[in-house]
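The values are calculated or read from the model by the stated rules, or taken from the named source; none is laboratory data. Values in this document were obtained by computation on a predicted structure and should not be read as measured data. Note that we place each Cβ from the backbone using ideal geometry, even for glycine, and neighbour counts take in every protein chain shown. Accessible surface areas use protein heavy atoms only, side chains included; no ligands, DNA or RNA. Shrake-Rupley method; radii C 1.70, N 1.55, O 1.52, S 1.80 Å.
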Amino acid sequence: LRSSIVTAKVNCIPISQTQIPNTMESLSQSVTTAIQSPDYARLSVIFTSQWQSLGQGEQRTLASHFIKTAIASPSFFPDAFRSPQIMTVITTTLNHLPPTVENAADNALRQKIFDYKLNEEQDFSTAARILSGLRMEENEGSVYYMPPIERCDVFVKVAECYLEEDLTVEAEGAVTKAGTIIEATGISISAENEVKDERTVTLLLRYKSTYARVLDANRKFLQAAMKYHDLSTAYLHTDAIDADDLLSMLGRAVTCAILSPNSAQRQRVLGLVYKDERLSQLDAMAEFQSHSAVLTKMYLNRIVQKRELEQFESSLADHQKAIMADGLTIVERGVLEHNMVAVSHLYTSIYFTQLGELLGVVDAVKAEKVAAKMISDGSMSGSIDEVEGILRFHPTKAKEESTLLHWDETITSFCVQLNKVTDVVRAN
């Protein structure tokens, strides 16, 4: 009896040792056969019901085998991407990988899925999430090594895809990572930089354009205006970017400058764009037809008419038409504040009823609220007589100094001209 017990114990050891290898070998062969067939249903069964009976190490091994075999197959993709069953299998395997897959096959699979989602389905957010999962390492000895310029390209692509679906938070995170890589590599984006690689130049410009779009989408219009204008002047006298694309960037700079909150820095940006010799060329572009006229009036502190405002607003993107807490859109509020400042250069005091008619976009009550806010935050110097319904403008020190300076320059010019006339008379 004891001998039989010992024999049974000895016999059970090799059985338990050989079962797992045989099971894994069988499953691996089944995966290979199903990919070659292809048999999507069989793959689905393997990675659902049979998958659950495997340990974590075995799952990683089988997941790695599936990805390597599928990538090596010349006919499995892209048709397999159309099967919901296979997409579930792919998701399962990508989430259960060992630290390293031979030849970085998992990265190759992610790239194929990205291309398919982007070009065939236009599913930008899914494409971005797939690509952002790439394993990228700085160690040149790793199969996952990527040069800095390639890693930057990945993050720019991810940001571009997220922007297509207005996922601005995700886009900002991706473009920030791209910027970190660019700063670490020390590559400049300026036109003076000696970058000969056309791919590198294109990537840097895509990064800068994406960054400006992220700022624009997050309604950081002043920063976006500066980035757009900077981009519009980059490589202006080279063939790196088409002239029409540069002009389009200038148009976006004008849009964001107009939408920016009233401030001294905004006035400087308006001046920068106003002095761009290409500004008048925007009139020939349908989407920017009214931009030069509105920007010129804003820079020169002239009143923007309601008709001009409506024409400009019709060209804006949805996020630029957002309605604020006071019931005004972003552009209505911006133009209203500008017109308020412009009126202060023409009047010393004005009734709110008259002001509302002059501004054209609000009534007297809203005009008073906007004036009160601008006075309280220092955007405009003045006081409100609520009893009489009058807004009184107080000239600022800078305005007084500007007036005196202009007067001095006028007197000086007159004296110079008078001296010239005197000299001519004496000479005769």
Leading residue by the ranking (nearest to Ser263 (Cα to Cα)) among those in the range 368-382 that are outside any loop (DSSP other than H, G, I, E, B) and open to solvent by less than 40 Å² (accessible area, probe 1.4 Å): Met374
Members of the range 51-66 that are among the polar types (S, T, N, Q) and open to solvent by 60 Å² or more (accessible area, probe 1.4 Å): Gln52, Ser53, Gln56, Thr61
Do we have any residue at all in the range 358-375 that's touching a residue at least 12 places away in the same chain (Cβ under 8 Å) and of a type in the set (Asp, Glu)? yes
Can you tell me which of Ala108, Ala174, Ala63, Ala80 is in contact with a Lys or Arg (Cβ under 9 Å, 6 or more places away or on another chain) and part of a helix (DSSP H, G or I)? Ala174
Within the bounds of the range 59-72, is there any residue that is out of contact with any Leu (no Cβ under 7 Å at 6 or more places or on another chain), modelled with pLDDT under 95 and charged (D, E, K, R)? no
Here is a list of conditions, (1) open to solvent by less than 70 Å² (accessible area, probe 1.4 Å); (2) in contact with a helix residue (DSSP H, G or I) (Cβ under 7 Å, 6 or more places away or on another chain); (3) farther than 23 Å from Thr168 by Cβ, and Ile258 meets all of them except one; can you say which number that is? (3)
Given (1) open to solvent by 20 Å² or more (accessible area, probe 1.4 Å); (2) out of contact with any Leu (no Cβ under 8 Å at 6 or more places or on another chain), index of the condition Ile149 fails: (2)
